[in-house]
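Taking it in order: structure first as structure tokens, then the write-up.
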Amino acid sequence: MGDQRNDGENNWNSGDGTGQMAQTWMFMMMMMMKSTIRLYADDCVIYRKIINNADIKKLQKELDRLGEWAVENAMKINPSKSKAIRFTRARVKDPLNYSLMGTLIPEANSCKYLGIILRSDLIWADQVNYAVKKACEELHFTMRILK
């Protein structure tokens with residue numbers, strides 16, 4: 001969650017160490033949820049193994065609770081920066097219809113998490129292509145310096 005503070009306008013910004021309150025509240029929220037939550041800096045990932053429709057409803061209920069908690073604690077969450085992604089090799093046609101604070105979370109085929117590109121079909125081609133491209137750029141840069 002990082003060091004954050006409320007600037008009086010219900011915005012959480014980098015600050016002077018008062019972010020401990022925000023971290024404490026987020027920890028309490030995590031304890032209430034049954035889904036797994038991973039925090040890194042100011043990013044949050046919520047995931048759950050979905051086996052049946054009951055699991056879908058449970059995850060949506062937890063997202064609703066997260067939205068309510070954010071409102072009650074003056075935390076701003078931007079649902080449009082969120083992504084819903086399903087990791088499976090099975091062919092699934094039903095769209096994901098998760099929402100946060102009344103806004104539909106857009107479904108994605110891939111996402112970047114901690115610098116790694118994750119695809120919904122669990123294939124690493126995008127990550128490998130990205131790593132090769134970056135390596136070629138570094139090699140080109142090094143060759144220009146050595147000339």
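The values are calculated or read from the model by the stated rules, or taken from the named source; none is laboratory data. The shown structure was predicted, so the numbers you read here are calculated from the model rather than taken from an experiment. Note that each Cβ is placed from the backbone with ideal geometry, even for glycine, and that neighbours are counted across all protein chains shown.
Pull out all pairs, ordered by first then second residue, where Cβ-Cβ is under 9 Å, the residues are six or more apart or on different chains, the first lies in segment 106-131 and is basic (K, R), and the second is in a loop (DSSP other than H, G, I, E, B).
Close Cβ pairs (under 9 Å, with a partner that is in a loop (DSSP other than H, G, I, E, B)) amount to R119/I85; R119/F87; R119/N109.
Which number in (1) out of contact with any Ser or Thr (no Cβ under 9 Å at 6 or more places or on another chain); (2) β-branched (V, I, T); (3) at pLDDT 90 or above marks the one condition that V71 misses?
With respect to (1) out of contact with any Ser or Thr (no Cβ under 9 Å at 6 or more places or on another chain); (2) β-branched (V, I, T); (3) at pLDDT 90 or above, V71 is out only on (3).
Against the condition within 21 Å of A41 (Cβ to Cβ), free of Cβ contacts under 8 Å to residues at least 24 places away in the same chain and aliphatic (A, V, I, L, M), how does I77 come out, does it pass?
no
One line per residue, one yes/no per condition, for (1) under 27 Å from I56 (Cβ atoms); (2) exposed (fewer than 15 other Cβ atoms within 10 Å of the Cβ); (3) β-branched (V, I, T):
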position	(1), (2), (3)
A70	yes, no, no
K76	yes, yes, no
A84	yes, no, no
A90	yes, yes, no
K93	yes, yes, no
Y113	yes, yes, no
K133	no, yes, no
C136	no, yes, no
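Would you say I117 is surrounded by 15 or more Cβ atoms within 10 Å (Cβ to Cβ), among the aliphatic types (A, V, I, L, M) and over 30 Å from V71 (Cβ atoms)?
Yes: the conditions hold for I117.
At pLDDT 60 or above and part of a loop (DSSP other than H, G, I, E, B) - does that describe any residue in segment 2-23?
No - not one qualifying residue is present in segment 2-23.
Consider W69 against the criteria (1) part of a loop (DSSP other than H, G, I, E, B); (2) closer than 19 Å to S35 by Cα: it satisfies all of them except one. Which criterion is unmet?
Here W69 meets the rest and fails (1).
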